[in-house]
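The values are calculated or read from the model by the stated rules, or taken from the named source; none is laboratory data. Values in this document were obtained by computation on a predicted structure and should not be read as measured data. In this analysis, Cβ positions are derived from the backbone assuming ideal geometry, glycine residues included, and neighbour counts consider all displayed protein chains. Calculation scope for accessible area: heavy atoms of the full protein, side chains included, ligands and nucleic acids excluded. Shrake-Rupley method; radii C 1.70, N 1.55, O 1.52, S 1.80 Å.
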Amino acid sequence: MHARRCVSAGPVTPKLKQLTRGPSYSIDADLQFVEHDCLRYTLASQRGRWRFRGPGGEALYLPVTGSFDSDHRGALRVAACAGLGIVYLPRFYLAEAIERGALVRILPGFSPPPIDIQAVYPGRKLLAPKTRACLDFLARELPKRMARCEAVARSGGR
């Protein structure tokens, strides 16, 4: 299963307002984007830049800087809701905050590549019942939750 990511910020300042525009927004030489504080996930393979696909499908790599780094995605979401900067996370981490208006999607015309979601366990031989129950729950519920998050992200929380 894949999880889509999005870029969000909140509350939106006049400086960030231009980044909430749709696909007509273009990023001029990355300069406007790097003027904003970005909240960086320290376990990401490329912490200093974020990868996107532009409206025409072209690959974009945007340099990011900021004063807040964390290895905890929940902390990054809370920081974004508090207005500390722009966050780049899987949509399922941000959907509830977008839905209640604490965050707004920015750069909606640019899509970050999806990430894989995987369950890792020792093997099927002698699988513990609680592990089987967890895997069954994930297989049943995760697609429904991901679909809801996608709908929220597409609507911008409206």
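Here is how the numbers come out for the structure above:
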item: Cut-off 12 Å between beta-carbons: net charge of the residues surrounding Leu43, Lys and Arg +1, Asp and Glu -1; result: +1
item: Reduced Cα scattering model of segment 68-135, Debye log10 I(q)/I(0), q = 0.16, 0.18, 0.27 Å⁻¹; result: -0.69, -0.78, -1.25
item: 18 Å tail of the calculated P(r), segment 32-77, as % of Cα pairs; result: 33
item: When the convex hull of its Cα atoms is projected in every direction, mean area for segment 36-158 (nm²); result: 9.1
item: Accessible area expressed per residue, segment 35-158, with surrounding protein chains retained (probe 1.4 Å, Å²); result: 58
